[in-house]
Amino acid sequence: MSYRGAKKGEQSPTEQSLWDEKDQFYYDAIHFGDHTQSLPIRSLVGLIPLYASLTLEPELLNKFPSFKKRLDWFIENRKSVAERNIASMTNRGVGERLLLALVNKERLVAILERMLDEEEFLSEYGIRSLSKYHEKNPFELDVNGQKYEVKYLPGESDSGMFGGNSNWRGPIWFPVNFLLVESLQRFYLYYGSDLKVECPKGSGEYLNLAQCAQEIQHRLMHLFVPDANGNRACNGDNDLVNKDAYFKDYVPFYEYFDGDTGRGLGASHQCGWTAVVAKWIHDNGTTCRTPKTPKPHPKPIRRNSIHSFETENESALSQEENDEELLEKFAPRAGPFPGRLMRRRSGKSLLNLTIQSLDLGDDEDMKDTDEPIAGFRDLKNVTAQMDEGADLSPTASRGSVDSRGHDPNLMEQIRSAFRKYKNRTDEDEADEFETRH
């Protein structure tokens, strides 16, 4: 990632990069007058370049020949621009895909080395907004005799600026984590299982980028999942909301979370972004381990779901994980909605959209089987096998629950509302779902 800036007396701007070759990380920079100063702060600024990534499917290029023609022209006639700003437009990856990304493979690995380090960005509950490195090594800048400092603050800010909100100084923030997860999935679609990184750093365990994305999702889900003692990290040490029968099952969506403890901070009903955890529960709920327990060594068993794994030692599964009530929580439920209820394309997992086209290595080749993961023998993995446009229907497993008889009056009110709501056409899409008659 680069920018152009001209110093006083120069006729044309010179190219300068935000990438620090020594630290192998992107840093922000302040440009004033004829001087530019890099700010060596390990923050989200160094991770956000991962967002700019997109894979081009070969089927898409064949479907739009005019676009392919212009793409080929750009590569041929603007090669210097493409090579400077786009990581790979010519080399095809897994599934014959092309990759449009700001970060090349070498820089991607270097960034992930810091992002997946528990002493830096990787928290027990997700990705921090500022590296924990700055807890003992704060950044200091002297401007006209006044000293400014940036240090790691996992919770509330030590300053009254921005209402004491310190989203960018250490806490865990869902919007940026969500985009990082999807970025890793997109990179995986291009690099496949050949690219593995140590996750967490120092653990000796090497995962492909899809597995790294899943590990981050699990950690973020641990904010809300009760541990072995029934405590949720988002509730902190508040016994009332953790233990009281009238509070313990009502989980608020906090605005951001403590980078060390996972305690919920800021607005307590921030459904605008924290509620995206529902998608991860939908995609990974049956594979998420209990918080503060060792991660089992997975053995892949299914080719059509990157999220399904079987533990090598089934007896190690806790009684809670075999509990029918736990299965019931994750099972798809029948709905009262008329017509066909389908997920939006944008709402589907990036991996599920293209998993059939992936060429996995021999050690990760998934067997074609309908057997669910260990500990969930009676729960069919409907999510993983759902094709685009498939109807959602009640599952035949014992873990499913038919909700149609729970509250007939409520169901009738919903049906009535659908009949009266005529403003949308069949082509309109809702925020998360669309109905088609």
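Every number here is computed from the coordinates shown, using simple stated rules; none is lab data. This structure is a prediction, so every number in the text was calculated from the model and none was measured. As a convention, Cβ positions derive from the backbone with ideal geometry for all residues, glycine included, and neighbour counts pool all protein chains shown.
Sort 74-83, 177-186, 150-159 for me by packing, meaning the mean count of neighbouring Cβ atoms within 10 Å per residue, highest on top. Could you put the intermediate results ahead of the total?
Numbers: 74-83: 12.7, 177-186: 21.6, 150-159: 17.3.
Final packing ranking: 177-186, 150-159, 74-83.
What does the convex hull of the Cα atoms come to per residue for the range 184-285, in Å³? Display every interim value, and only then the final one.
Details: hull volume 12.6 nm³, N = 102.
Hull volume normalised by residue count: 123 Å³.
Mind scanning Lys22/Lys147; Lys22/Lys69; Lys63/Lys201; Lys68/Lys201 and naming the pairs with a C-alpha gap bigger than 31 Å? Walk me through the numbers before you get to the answer.
On the way: Lys22/Lys147 25 Å; Lys22/Lys69 39 Å; Lys63/Lys201 42 Å; Lys68/Lys201 40 Å.
Going by Cα-Cα distance, Lys22/Lys69; Lys63/Lys201; Lys68/Lys201 fall outside the 31 Å limit.
With point charges of +1 on the Cβ of Lys and Arg and -1 on the Cβ of Asp and Glu, referenced to the Cα centre of the range 19-173, which listed residue (Val143, Ile41, Ile30) lies farthest in the positive direction of the dipole?
About the Cα centre, the residue reaching furthest to the positive side is Ile30.
What is the gain in length, in nm to one decimal, between Trp73 and Val150 on full extension, counting 0.36 nm per residue of separation less the C-alpha to C-alpha distance?
Values: separation 77, 0.36 × 77 = 27.72 nm, distance 4.57 nm.
Separation in residues times 0.36 nm, less the Cα-Cα distance, equals 23.1 nm.
Scaled to the compact-protein estimate 2.2 N^0.38 Å, what is the alpha-carbon radius of gyration of the range 19-173, rounded to two decimal places?
Details: Rg = 19.7 Å, N = 155, 2.2 N^0.38 = 15.0 Å.
So the Cα radius of gyration is 1.32 times the expected 2.2 N^0.38 Å.
What is the packing order of peptides 56-67, 258-269, 131-142, taking the mean over residues of other C-beta atoms within 10 Å and listing the highest first? It would help to have the intermediate numbers written out before the result.
Numbers: 56-67: 12.4, 258-269: 20.2, 131-142: 14.8.
By packing density, highest mean first, the sequence is 258-269, 131-142, 56-67.
What's the center-to-center distance, using Cα atoms, between the range 194-249 and the range 110-136 in Å?
Between the Cα centre of the range 194-249 and that of the range 110-136, the gap is 15 Å.
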